[in-house]
Amino acid sequence: MVFSRRQVLGGLLGLGVVGLGAGGVRYWLGRTDGAAGHDYELIAAPLQLELVPGHPSPAWAYGGQAPGLELRSRQGDWLRVRFINKLDVPTTIHWHGIRLPLEMDGVPYVSQLPVLPGEYFDYRFKTPDAGSFWYHPHVASGEQLGRGLVGPLIVEEREPTGFRHERTLTLKTWHIDEQGAFTAFSLPREAARGGTAGRLSTVSGAHLPTLELPAGQVVRLRLMNLDSTLTYRLNLPGAEARIYALDGNPVQPRPLGKEYWLGPGMRIDLALRVPAVGQELALRNGPLRLATLRALDSAGQPAGDWPSALPANPVAEPDLATAETLRFNFEWSAELAGSGANAGRAKYWQINGEAWDIDDKSCAERPIARLKLGRSYIFELRNMAQYQHPIHLHGMTFKVLSSDRKSILPYFTDTYLLGKNERARIALVADNPGVWMFHCHVIDHMETGLMASIEVA
Ligand code: C2O
Ligand code: CU
Ligand code: CU
């Protein structure tokens, strides 16, 4: 494969190279089909964050904030991001949940070469589905996501949805100590179990924030788990809240219920009826408070009503009658790190007996499955371990069909939280050609073997 899009940044002059030349105000060309565009220049750079009052943490940030700048596109439009790497390590951006061409998927040595310090890369793709998505590197993920390179990407619906208010709430727990210093992003004994957890929880970058919402209104809360390890058991005691979308895909609205398990990488869109002025709600992870939601005077706005269901995304419906079934076993692996001449990265996890080696650039050339373009497939996912795995597929959206552990109302998603020893069935139409990563989104698990590639051709 030949990679050609990566470019060296030569100061401001360099920024003009693909553009209209001297004096050009817009450097994006090639709008072939007239669809509108959303243009960003996104810089990744070091940033001192004050997560612990009085103590700086040496974070890495997109657009000067961590979690990163909220990018917005609109369904069917082009999103164009000139990504500039001002870190001193190579990186890429992967657009989690977006169905896009392989060259834009941000996987090193599969989609593109890593973007080196001082280089830039132009990401440009259409956003076919409306919903709540996110972005993050796919290089040295433990450290890069751990230091803050995670950000929300919102794709707005083409028509008004009936929601007049919305808030994005990103969830991330930081691996830092009492002085704000980063602690290990991965510890072997944790990687081999549930993954290495951080210790300071944040909602939209702040620890235990109080967030003000308009009293009496129905607000769309886009909750995103951008954490590397934790599954949040989300609950809002006493609140009137309904689920409108899971992982960017609409569902028939239904009550939030007691709690929802949001694994790493997953998103949930809730409609919340904000209580009367002055009242408060607790957004919690199990029994632990993450944030306080306070109802603020909404200046005489008429009380909001529950919007109708969000419009479905144009995802192909798998044909279960003709689908071929493939089995994927996610299991513990006994292959520990060697020492001396055999020193290497530990492999604690494997899929169908194969552990991915993140230091081996050729792994993707040996796909674990080859799918025929246009055909339907059922994947039988089997978790052989007592730790959960949020299983994520790049490039295509899949439909969750059933589980032996819980009743499933079939829905489309890009990540399925496979519980302890659970078996689940998912289905998809292999409609996007390429080599797509298929992995657990507990970053510790992914980096110690729980990743594979799936080819569609
Ligand atoms: Cu959000 Cu390959 O992942
Ligand atoms: Cu992804
Ligand atoms: Cu896992």
Legend entry - Residue match in segment 120-129 (condition: in the same structural domain as His38 (by TED's automatic domain parsing), surrounded by fewer than 20 Cβ atoms within 10 Å (Cβ to Cβ) and in contact with a His (Cβ under 9 Å, 6 or more places away or on another chain)): no
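Here is a yes/no grid of residues against (1) of a type outside the set (A, V, I, L, M, F, W, C); (2) touching a helix residue (DSSP H, G or I) at 6+ places or on another chain (Cβ under 8 Å); (3) part of a strand (DSSP E or B); (4) closer than 18 Å to Val203 by Cα:
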{"position": "Pro275", "(1), (2), (3), (4)": "yes, no, no, no"}
{"position": "Gly278", "(1), (2), (3), (4)": "yes, no, no, no"}
{"position": "Leu290", "(1), (2), (3), (4)": "no, no, yes, yes"}
{"position": "Ala309", "(1), (2), (3), (4)": "no, no, no, no"}
{"position": "Pro314", "(1), (2), (3), (4)": "yes, no, no, no"}
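The rows are residues; the columns are (1) without any contact (Cβ under 8 Å) to a residue 24 or more places away in the chain; (2) over 19 Å from Gly205 (Cα atoms).
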| residue | (1), (2) |
| --- | --- |
| Pro53 | yes, no |
| Pro58 | no, no |
| Tyr62 | no, no |
| Arg74 | no, yes |
| Asp77 | no, yes |
| Ile84 | no, yes |
| Asp88 | no, yes |
Legend entry - Those residues of segment 361-399 which are surrounded by 20 or more Cβ atoms within 10 Å (Cβ to Cβ), more than 15 Å from ligand 2 (Cβ to nearest atom) and of a type in the set (S, T, N, Q), in sequence order: Ser376, Asn383, Gln388
Inset, instruction - Evaluate the following for Arg82: is it in the same structural domain as Trp134 (by TED's automatic domain parsing) and farther than 20 Å from Pro117 by Cα? - result: no
Legend entry - Test: residue in segment 150-160 that is modelled with pLDDT of 95 or more, among the small types (Gly, Ala, Ser) and not in a helix (DSSP H, G or I): yes
Inset, instruction - Go through segment 72-137 and tell me which strands (runs of 3 or more DSSP E), entirely inside it, have 3 or more residues that are over 16 Å from Met396 (Cα atoms), modelled with pLDDT of 95 or more and not hydroxyl-bearing (Ser, Thr, Tyr). - result: 78-85, 119-126
Legend entry - Number of the condition not met by Gly205 [criteria: (1) in the same structural domain as Ile176 (by TED's automatic domain parsing); (2) touching a strand residue (DSSP E or B) at 6+ places or on another chain (Cβ under 6 Å)]: (2)
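Taking Leu187, is it aliphatic (A, V, I, L, M) and out of contact with any strand residue (DSSP E or B) (no Cβ under 6 Å at 6 or more places or on another chain)?
Yes; evaluated as a whole, the condition is true for this residue.
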Inset, instruction - Return the residue satisfying two criteria in turn: it lies in segment 37-57 and is over 27 Å from Ile154 (Cα atoms) and surrounded by fewer than 16 Cβ atoms within 10 Å (Cβ to Cβ), and of such residues it is farthest from the chain's Cα centre (by Cα). - result: Gly54
Legend entry - Val89 vs. criteria among the β-branched types (Val, Ile, Thr), more than 18 Å from the chain's Cα centre (by Cα) and crowded, with 22+ Cβ neighbours inside 10 Å: no
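Conditions (1) modelled with pLDDT under 95; (2) more than 22 Å from Ile426 (Cα to Cα); (3) among the β-branched types (Val, Ile, Thr); (4) not assigned by TED's automatic domain parsing to the domain that holds Thr415, marked per residue:
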residue	(1), (2), (3), (4)
Val219	no, yes, yes, yes
Thr231	no, no, yes, yes
Arg284	no, yes, no, yes
Pro287	no, yes, no, yes
Asn329	no, no, no, no
Legend entry - Flag if Gly106 is closer than 30 Å to Val274 by Cβ, under 15 Å from the mean Cα position of the chain (by Cα) and crowded, with 21+ Cβ neighbours inside 10 Å: no
Inset, instruction - Check whether at least one residue in segment 241-248 is in contact with a Pro (Cβ under 6 Å, 6 or more places away or on another chain) and surrounded by fewer than 22 Cβ atoms within 10 Å (Cβ to Cβ), and report yes or no. - result: yes
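The values are calculated or read from the model by the stated rules, or taken from the named source; none is laboratory data. Because the structure is predicted, anything quoted here is derived from the model rather than measured. Cβ sites come from the backbone with ideal geometry, for glycine too, and all protein chains shown count toward neighbours.
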